Amino acid sequence: VVALCTYPNLLDSPSFPEDAKKRARRILQGCGGNSLGSYSASQGINCIREDVASYIERRDGGVPADPDNIYLTTGASDGIATILKILVSGGGKSRTGVMIPIPQYPLYSAAISELDAIQVNYYLDEENCWALDVNELRRSLNEAKAYCNPKVLCIINPGNPTGQVQNRKCIEDVIHFAWEEKLFLLADEVYQDNVYSEGCQFHSFKKILYEMGPDYYNNVELASFHSTSKGYMGECGYRGGYMEVINLHPEIKGQLVKLLSVRLCPPVSGQAAMDIVVNPPVPGEESYSQFIKEKESVLNNLAKKAKLTEDMFNKVPGIHCNPLQGAMYAFPRIFIPSKAIEEAKAHKMAPDMFYCMKLLEETGICVVPGSGFGQREGSYHFRMTILPPVEKLKILLEKVKDFHIKFLEKYA
């Protein structure tokens, strides 16, 4: 579809299926001059926003979605940074505090720092499969009130780097907490297609909010995000994404549109890619069988690799890995002996950074130290993706195991 949109002459080619041509024509008709080369409306092409709204309604079992609350974005990152921009204000103790999970995806700490807002950490419960505990949210919020004005609560579900999938009860508790404390909810749901563990299911914050009744649904401000970059698509280079923002005051909504207008519009080819994610082939269409075969193959493969990674890590002495319920990363906890911690200090490095550099030098395997995402004092982790092909992943995990055992022997 993106190929047809990019080079419309291909619409005359017999090599392309009719359903793809139909989608491409519809997108091109929504573009100025029938071309991806034109600017679009700042909020995004209308027909694509309508498709996003229909997708959300299908996903959430009929919960209504209004295209006017949909904003197409340059990947999810752009949407998250934009929303934070309109929420941050004040100075000194009245400066906006943004609550983020630890461990977190560093986009959040970077955006908060760039906006000179206040980062408010709440810890995920590693002992309980990285669950989100409302008592911990309350502790974090109450402590933060002494030095800032906590107004925003960010949730990443499924989690990055931790890979957990929050259950329904947990989401209800979080929504109730946000309602009680008048917090603006940011739901980063870019991994919503990546759920692997039995008994786990993705629930959108929007759906649960709606089901909790009008007191919640009409009052809690929520922005949720999705993207072409993750899921089964992995089309990160297109920089396609959307956000749905609900319960925003009309005047603030006006400011949001104004803010988006400054960057003119998100990449139009990325908007087209987003449309395909939310408007995939359906049964009876020519492309459906190939699409569903490829989609299921990617997701089944990821599920297999998630289990393989968890099982392999948990066989290694000094490594503990929680179940990889979703997303596409493992975030195992690693034991680092005190001698290695001393040597890391001598090199002016965090102990897990020291470990990851040694792993890279000795095996060529590149993982990211847990200190880059945040972790509880005295605990050490690293993040690695589960994206390599199964056979390659097995070799990689064996190499990590051998390295870890040698590392423990060397520094014991």
Per residue accessible area of the chain, 1.4 Å probe, in Å²:
44 Å²
Label 7 Å along Cα→Cβ of residue 110; segment 345-382 residues with amide nitrogen under 13 Å?
373
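For the chain, give the share of DSSP beta bridges that are antiparallel, in percent and rounded to the nearest 5; count only bridges with both residues there. Write down the numbers at each step before the final one.
Details: 19 of 38 bridges.
Among the beta bridges of the chain, antiparallel pairing accounts for roughly 50 percent.
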Kindly provide log₁₀ I(q)/I(0) values, in the same order as q = 0.17 Å⁻¹, from the Debye equation applied to equal alpha-carbon scatterers of segment 1-105.
-0.96
Compute the Kirkwood hydrodynamic radius of the chain, taking the inverse of the mean of 1/r over all pairs of distinct Cα atoms, and give it in Å to one decimal.
22.8 Å
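Gain in length, residue 264 to residue 15, computed as 0.36 nm per residue apart minus the alpha-carbon separation, to one decimal in nm?
On the way: separation 249, 0.36 × 249 = 89.64 nm, distance 3.50 nm.
Extra length from residue 264 to residue 15 when fully extended: 86.1 nm.
Considering Cα pairs under 8 angstrom that are at least six residues apart, work out the relative contact order of segment 86-149 and quote it in whole percent. Intermediate results must be reported in sequence, preceding the final value.
Working: 80 pairs, mean separation 24.4, N = 64.
It rounds to 38 percent for segment 86-149.
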Projecting each Cα onto the charge dipole of the chain (Lys/Arg +1, Asp/Glu -1 at the beta carbon, about the Cα centre), which of 374, 30, 54 comes out farthest on the positive side?
374
The set of residues whose placed amide H lies less than 5 Å from the amide H of residue 73, leaving out same-chain residues fewer than 5 positions away, is 241, 242, 243
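Could you state the orientation-averaged shadow area of the convex hull built on the Cα atoms of segment 229-294, in nm² to one decimal?
Values: hull surface 24.8 nm².
The number I arrive at for segment 229-294 is 6.2 nm².
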Using a 1.4 Å probe on the protein heavy atoms only, what accessible surface does residue 239 show? Give it in Å² to the nearest 10.
80 Å²
Peptides 306-317, 101-112 ordered by average Cβ neighbours within 10 Å, highest first:
101-112, 306-317
Report residue 251's accessible area, 1.4 Å probe, all protein chains in place, as a number in Å² to the nearest 10.
140 Å²
How many Lys pairs in segment 39-278 lie less than 16 angstrom apart by Cα atoms, where the lysines are 8 or more positions apart or on different chains?
9
Of every hundred units of 1.4 Å-probe accessible area on the chain, the number belonging to carbon and sulfur atoms, as a percent, is 52 percent
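What share of the DSSP beta bridges in segment 174-323 is antiparallel, in percent to the nearest 5?
Working: 6 of 10 bridges.
That works out to approximately 60 percent antiparallel.
For segment 39-278, what is the Kirkwood estimate of the hydrodynamic radius, computed as the reciprocal of the mean inverse distance between distinct Cα atoms, to one decimal in Å?
Working: mean 1/r = 0.0556 Å⁻¹.
The Cα-based Kirkwood calculation yields 18.0 Å.
Would you rank 321, 236, 129 by solvent-accessible area, highest first, keeping every protein chain in place and using a 1.4 Å probe? Write out the running numbers ahead of the final one.
Working: 321 5, 236 65, 129 30 Å².
From most exposed to least exposed: 236, 129, 321.
How compact is segment 278-412 by the rule of thumb for globular proteins, expressed as Cα Rg over 2.2 N^0.38 Å?
Numbers: Rg = 18.3 Å, N = 135, 2.2 N^0.38 = 14.2 Å.
Its radius of gyration relative to the 2.2 N^0.38 Å reference: 1.29.
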Mind checking which lysines have their C-alpha under 22 Å from residue 22, skipping anything on the same chain fewer than 8 residues away?
293, 295
Rounded to two decimal places and with Rh computed the Kirkwood way over Cα pairs, what is Rg over Rh for segment 141-252?
0.99
Calculated FRET value between residue 335 and residue 290, using beta carbons and R₀ = 60 Å, to 0.05
0.80
Three-way shape call for segment 170-217 based on the alpha-carbon gyration tensor, with the a/c threshold at 1.5:
prolate
A convex hull over the alpha carbons of segment 247-353 yields, per residue, a volume in Å³ of 253 Å³
Can you give me the pair-distance distribution of segment 91-138, C-alpha pairs, 10 Å bins, whole percents?
26, 46, 24, 4
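The values are calculated or read from the model by the stated rules, or taken from the named source; none is laboratory data. Predicted model only: the values in this text are computed from it and were never measured. Cβ atoms come from the backbone with ideal geometry, glycine included; neighbour counts cover every protein chain shown. These area figures cover heavy atoms from the full protein model, side chains too; ligands, DNA and RNA do not enter into them. Shrake-Rupley method; radii C 1.70, N 1.55, O 1.52, S 1.80 Å.
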